[in-house]
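Heads up: the structure comes next, in structure tokens.
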Amino acid sequence: MSQFQLLGIFDDESGMVGAIKAARQQRLRIVEVYTPYAVHGLDRVLGLKRSRLSLVCVAAGGLGAVLKMWFEIWTAAIDWPVDVGGKPWNSLPAFVPITFEVMVLFAGLATVGAFFMVSRLRPGKKPDLIHPRVTNDRFALLIQETDAAFDVGRVRGLLQSHGAVEVSERLVEEVPA
Amino acid sequence: MADIALSPPLVTGYKNLTDVTEDVCRPMEQRPGAAWWAAFAVAFSMLLAGVVSVTYQIATGIGTWGLNTTVGWAFDITNFVFWIGIGHAGTLISAILFLFRQRWRTGVNRAAEAMTLFAVMCAGIFPVIHMGRPWFGYWIFPYPNFRGSLWINFRSPLAWDAFAISTYFIISATFWYVGLIPDLATVRDRAKPGLRKTLFSIFSLGWDGAYKTWNRYEMVYLLLAGLATPLVVSVHTIVSWDFATAVIPGWHATIFPPYFVAGAIFSGMAMVLTLMIIARKAMGLEAYVNQRHLDVMSKLIITTGSIVGLAYLTEFFIAQYGSNRYEQFVFLNRAAGPFAWAYWTMVSCNVLTPQLLWFRKIRHSWTAVFLITIFVNIGMWFERFVIIVTSLHRDYLPASWASYRPTSVEIATLIGSFGLFFTLFLVFCRVLPVIAMAEIKGVLKHGVHNREAH
């Protein structure tokens with residue numbers, strides 16, 4: 001089934017934020033917003049949830065730390081203990097620095113890796129640009145028709161009243177998820 | 001006129017979003033001028049001198065250095081600590097100031113992070129060539145081997161150092177790359193079809209500016225900043241432990257970690273300013289790196305410089321106040337012995353010169369600040385030289401007292417590391433956006449009032 005969408009292009013952050021607020025008030029379905037930079041506070045306006053990537057960070061960091069601590073104790077105290085200046089086999093305090101470094105390494109790489117995965121960012125991917133200047137100086141707001149009560153003229157008017165420099169209609173084929 | 005009390009704009013010259021993209025991308029899209037080629041020729045020649053000297057010393061052995069059995073660490077380790085320290089300011093600006101919500105950092109963070117990466121590359125060369133047989137360099141990492149497996153000694157600060165610096169490099173590179181992705185997409189979308197567009201398409205990972213992605217991106221950026229902050233402190237702490245865990249008078253001090261971290265940020269901040277004062281002029285980015293950056297960064301230099309000065313005083317005082325005769329001797333010997341010239345160069349460059357920045361007039365003069373940063377760079381190099389060489393050259397046993405002077409091979413290696421650093425930085429200025437466009441766009445309106453009715 002094809003979906004009818006309205007695309008409003010803004011040249012200013014505040015106009016777009018105003019349009020989003022109005023659209024949300026009127027319970028219009030906002031498909032996505034495209035911006036050239038991370039607009040401060042837009043997550044709250046859009047009602048987006050906090051990203052759960054911090055959980056990945058904590059889990060990977062913890063895993064790295066545990067693995068490295070185990071590895072250090074295993075190599076130094078179990079597999080081949082070597083007497084270094086009469087230090088105990090399991091010199092726990094001396095194992096802390098590397099454990100910390102490995103924890104940071106795991107946490108950082110896993111967070112970025114998970115981010116690339118959930119955001120579907122990968123080398124060579126063809127960007128699906130909604131507007132050629134959206135990575136430069138334009139803000140795009142994409143609204144989708146949800147039911148018969150969707151009044152194209154009124155939504156168009158809403159976008160324009162908040163300073164949309166360009167409004168266009170799109171028909172997109174719904175890709176089954 | 002309530003505006004007067006508010007902070008000045010972060011970006012001067014009433015730039016809009018389009019201007020930012022144009023201004024930052026312009027240097028990348030033009031052919032380099034004569035000045036760039038001249039600078040590149042100099043930097044590249046220095047790099048070649050380094051390549052020749054490193055090849056020679058690896059082929060011949062480190063007998064080509066001025067080391068002896070008493071002074072076993074000297075020029076190479078000085079350079080290593082110097083370069084690692086330079087790197088730290090980049091992380092301070094990109095991560096620590098991000099957590100402190102210092103929005104002025106957006107103007108300089110990209111270049112400062114690039115500087116971090118290049119400085120860590122330069123630093124990495126020295127411990128490797130110091131090994132004498134660098135082809136066995138991988139022995140520092142634990143891997144299953146046919147000697148037992150014989151594992152590395154995890155109690156050694158040198159092993160900690162290898163892990164700290166590798167992690168630091170990988171995480172800094174990751175942080176830098178994540179920050180670059182939106183800007184790479186900006187460049188991709190304005191590039192004409194060709195090699196540039198293809199490369200930027202690959203590396204921008206299909207970024208399309210969707211806000212869902214931005215939302216996650218912000219979280220990732222925050223997490224990486226939160227990870228990089230303790231990381232950078234840990235790296236120079238561990239570097240200082242290379243010294244502090246040894247029983248050498250002048251090294252064996254608990255003050256070392258904070259003293260080294262402050263010194264690192266001090267030297268790195270000076271290097272950021274040295275580079276940016278030239279780059280902003282050469283690349284026409286005066287609006288983005290402006291008087292305000294100069295002012296704030298100068299204040300950071302006074303702060304960290306004063307911490308370093310306090311550390312010098314503290315270690316001198318504690319040595320004399322304590323009852324360790326060897327410790328007392330080492331410090332008197334630093335200030336009045338054969339290397340007194342190096343000690344006083346260090347004190348005057350690091351403690352006295354930055355105090356000039358208390359004066360607003362000096363702080364607001366690009367030339368004056370530039371000169372002061374050069375002094376700080378020199379002073380911080382000498383600090384490491386003083387700590388390493390003066391502590392070693394007078395051994396416990398007077399019969400083994402010795403001196404040290406660098407050979408031409410060592411000096412060429414130092415020049416080579418500067419060559420590598422500047423070559424990489426010059427190439428960076430040509431091929432990547434030196435200012436974080438996506439970040440500067442977000443703070444464009446900070447401090448700019450009455451431009452439009454809200």
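Some notes on this structure:
- Distances between placed amide hydrogens fall under 5 Å for A:E166 paired with A:I9, all partners being 5 or more residues away or on another chain.
- Which of B:F329, B:F126 is most accessible, then next, and so on - probe 1.4 Å: B:F329, B:F126
- Sulfur and carbon atoms: percent of accessible area, chain B [1.4 Å]: 70 percent
- Segment A:1-72 - charge dipole about Cα centre, Lys and Arg +1 at Cβ, Asp and Glu -1, debye rounded to 20: 420 debye
- Whole-angstrom gap from segment A:28-101 to segment B:213-234, using each part's C-alpha centre: 11 Å
- Modelled label positions at B:T303 and B:M121, each set 7 Å beyond Cα in the direction of Cβ, lie 3.1 nm from each other.
- Two-decimal ratio, segment A:53-118, of alpha-carbon radius of gyration to 2.2 N^0.38 Å: 1.36
- Cβ-based charge dipole, the protein assembly as shown, positive-most Cα from A:V84, A:A65, B:M219: B:M219
- Taking the helices alone, chain B has a mean residue ellipticity at 222 nm of -21500 deg cm²/dmol, built from -39,500 (n - 2.57) per DSSP H run of at least 4 residues and averaged over all its residues.
- Cα centre as origin, Lys/Arg/Asp/Glu Cβ charges: segment A:28-125 dipole, Debye: 720 debye
- Computed in the context of the full set of protein chains, the accessible area of segment A:53-118 at 1.4 Å probe radius has 81% of its extent on carbon or sulfur.
- Three-way shape label, the protein assembly as shown, alpha-carbon gyration tensor, a/c 1.5: prolate
- Spin-label model distance (nm) - B:W344 vs B:V431, 7 Å beyond Cα toward Cβ: 4.7 nm
- Summary of packing: across the peptides A:19-26, B:267-274, B:19-26, the per-residue average of other C-beta atoms within 10 Å ranks them, highest first, as B:267-274, B:19-26, A:19-26.
- Between amide H atoms placed 1.01 Å from N, distances below 5 Å from A:V31 occur with A:L142, A:I143, A:Q144, all of them 5 or more places distant or on a separate chain.
- Rounded to the nearest Hz, the phi-derived 3J(HN,Hα) couplings of segment B:26-38 under the Karplus curve 6.51 cos²θ - 1.76 cosθ + 1.60 (θ = phi - 60°) are 3, x, 7, 9, 8, 6, x, x, 5, 4, 5, 4, 4, where x marks glycine and proline.
- For the set B:F375, B:F422, the ranking by accessible area, highest first and with no ligand, DNA or RNA atoms included, is B:F375, B:F422 under a 1.4 Å probe.
- Cleavage-rule hits (GluC sites (Glu not before Pro)) in segment B:356-454: DSSP loop, at most 15 neighbouring Cβ within 10 angstrom: B:E452
- Dipole of the protein assembly as shown computed with +1 at Lys/Arg Cβ and -1 at Asp/Glu Cβ about the Cα centre; of B:A282, B:P230, B:P338, farthest Cα towards the positive end is B:A282.
- The mean sequence separation of alpha-carbon pairs under 8 Å and at least six residues apart, normalised by the residue count of segment A:53-118, gives a relative contact order of 57 percent.
- Farthest towards the positive end of the charge dipole of segment B:64-156, among the residues B:L117, B:L92, B:P144, is the Cα of B:L92, using unit charges on the Cβ of Lys, Arg, Asp and Glu.
- Summed buried accessible area for A+B [probe radius 1.4 Å, Å², rounded to 100]: 5400 Å²
- Centre separation in Å (Cα based) which lies between segment B:235-309 and segment B:348-421: 13 Å
- Reciprocal mean inverse distance between Cα atoms of chain A - Kirkwood radius, Å: 20.3 Å
- Residue by residue, segment B:110-121 carries 3J(HN,Hα) couplings of 4, 5, 5, 5, 4, 4, 4, 4, 5, 5, 5, 4 Hz when phi is fed to the Karplus relation 6.51 cos²θ - 1.76 cosθ + 1.60 (θ = phi - 60°); x denotes Gly or Pro.
- A Förster radius of 60 Å, combined with the Cβ-Cβ distance separating B:I202 from B:L397, puts the computed FRET efficiency at roughly 0.50.
- In a DSSP loop and with at most 14 other Cβ atoms within 10 Å, the chymotrypsin sites (Phe, Trp or Tyr not before Pro) in segment B:131-169 are B:F146.
- Charge dipole of chain A (Cα centre as origin; +1 on each Lys and Arg Cβ, -1 on each Asp and Glu Cβ, all else neutral): 240 debye, rounded to the nearest 20.
- Relative contact order for chain B: 34 percent, from Cα pairs under 8 Å spaced at least 6 residues apart, divided by residue count.
- Using R0 = 60 Å, the C-beta based FRET efficiency linking A:W80 and B:I362 works out to 0.50.
- Trypsin sites (Lys or Arg not before Pro), loop per DSSP, at most 13 other Cβ atoms within 10 Å - longest free stretch of chain B: B:148-450
- Applying a DSSP loop filter and a limit of 13 other Cβ atoms within 10 Å to the trypsin sites (Lys or Arg not before Pro) in segment A:44-132 leaves A:K49, A:R50, A:R52, A:R120.
- Computed [θ] at 222 nm, deg cm²/dmol, chain A (DSSP H ≥ 4; -39,500 (n - 2.57); rounded to nearest 500): -14000 deg cm²/dmol
- The residues of the protein assembly as shown expose, per residue, 44 Å² of accessible area to a 1.4 Å probe.
- Test item: A:109-121 mean partner chain Cβ contacts at 10 Å: 5
- Length gained on full extension, B:Y14 to B:T69, computed as 0.36 nm times the residue gap minus the Cα-Cα distance: 13.6 nm.
- At q = 0.09, 0.13 Å⁻¹ the log10 of I(q)/I(0) for chain B amounts to -0.63, -1.25, computed by Debye summation with a single uniform scatterer per C-alpha, solvent ignored.
- Counting only alpha carbon atoms, the long axis of helix B:366-385 and the longest principal axis of chain B meet at about 30°.
- Take each residue in A:60-73, count the other chain C-beta atoms within 10 Å of its C-beta, and the mean is 1.
- The HN-Hα couplings worked out from phi for segment B:315-320 by the Karplus form 6.51 cos²θ - 1.76 cosθ + 1.60 (θ = phi - 60°) are 5, 5, 5, 4, 4, 6 Hz, whole numbers, x standing for Gly and Pro.
- Shielding by partners for peptide B:223-230, expressed as the average number of C-beta atoms from other protein chains within 10 Å of each residue's C-beta, is 5.
- Here the Kirkwood formula, the inverse mean of 1/r across different C-alpha pairs, assigns segment A:1-84 a hydrodynamic radius of 17.7 Å.
- Simple spin-label estimate for A:Q3 and A:L67 gives 3.8 nm between the two label positions (7 Å along the Cα-to-Cβ direction from each Cα).
The values are calculated or read from the model by the stated rules, or taken from the named source; none is laboratory data. None of the values given here were measured: they were computed from a predicted structure. We place every Cβ from the backbone using ideal geometry, glycine too, and count neighbours over all the protein chains shown. All accessible areas refer to the heavy atoms of the entire protein, side chains included, with ligands and DNA or RNA removed. Shrake-Rupley method; radii C 1.70, N 1.55, O 1.52, S 1.80 Å.
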